[in-house]
Amino acid sequence: MRSFYLFFCIIMLSPITYVFTVWCFVVILHTEAHIFFCNFESNSTCGIENGSPIDPEPPSINFTIQSPQTITYQDLGPFSGHSFFYWSRSDNFPHAEEFNGRAHTPKFNQTNGENMCLEFMYYIKSTGTDNGTWLDVSTGGCYAASLFFIEQDDSNGWQTITVPLHKGNCSISLYFTVNQRTPVRMALALDNIIVDWCDALIETTTIPGISNSSQLIFNTSFFVLIFILFLLK
């Protein structure tokens with residue numbers, strides 16, 4: 001996301017006192033040009049591919065774009081959202097020691113990584129009871145590091161995570177790896193994967209109940225400007 005600053009002044013001349021009055025304003029405008037963004041709408045993966053260039057074998061199960069109406073296990077969900085990146089496994093699928101599924105983003109340029117963040121939404125639901133499902137989010141490229149890891153059976157709906165990237169000025173990819181340690185049915189989904197400056201992501205608010213891929217940007221400067229112009233009427 002990028003910010004643009006618009007500065008302007010309003011000059012008014014009183015026909016009675018011949019006194020000039022000047023009001024000056026600064027408007028902050030944000031654009032949606034994220035460094036990386038994917039909400040899986042229009043059946044697009046935004047260049048995200050299953051597997052990894054360094055894996056000797058392809059994943060045993062692939063991520064696919066689905067909706068609540070097309071998912072494999074209707075009882076597990078997700079029950080909301082338009083389109084998302086979906087991964088599921090049956091209760092008789094052989095266990096893989098390392099992972100059952102992996103996907104990676106195309107490379108993007110990270111500049112001043114300590115001020116850049118990854119934000120994404122995830123959903124986990126399984127029939128297990130021992131927190132056997134795990135999701136790992138890591139980087140690959142000029143450095144390898146784990147950004148996020150969780151083990152659970154139920155995320156209690158969609159959850160939004162924001163994590164900082166590591167220091168560095170280079171090209172990296174994001175890797176999303178999922179596994180289930182026990183033979184149970186499970187489903188996992190990803191949505192709204194965003195890489196941008198951390199302060200820009202903080203200013204972005206996701207509106208629940210409308211769509212898990214819909215975003216509105218609120219800026220107090222804009223509302224202050226509207227209020228001042230209202231008072232001048």
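The values are calculated or read from the model by the stated rules, or taken from the named source; none is laboratory data. Predicted model, so just to flag it, every value in this text is computed and none were measured. Neighbour counts run over all protein chains shown; Cβ positions are idealised from the backbone, glycine included.
Note on the stretch 26-119: enclosed strands (runs of 3 or more DSSP E) holding 2 or more residues that are at pLDDT 90 or above are 36-38, 64-66, 84-89, 101-104.
Criterion applied to T111, T177, T133 was being more than 16 Å from I48 (Cα to Cα), in the same structural domain as P59 (by TED's automatic domain parsing) and surrounded by fewer than 21 Cβ atoms within 10 Å (Cβ to Cβ), and the one residue passing it is T111.
For the stretch 127-233, the strands (runs of 3 or more DSSP E) that sit wholly inside it and include 3 or more residues that are out of contact with any helix residue (DSSP H, G or I) (no Cβ under 9 Å at 6 or more places or on another chain) and at pLDDT 90 or above are 133-141, 145-152, 159-164, 170-180, 186-197. Residue by residue through the stretch 32-76, note down the ones that are closer than 22 Å to S126 by Cβ, under 21 Å from the mean Cα position of the chain (by Cα) and of a type in the set (V, I, T). Matches in the stretch 32-76: T64, I65, I71.
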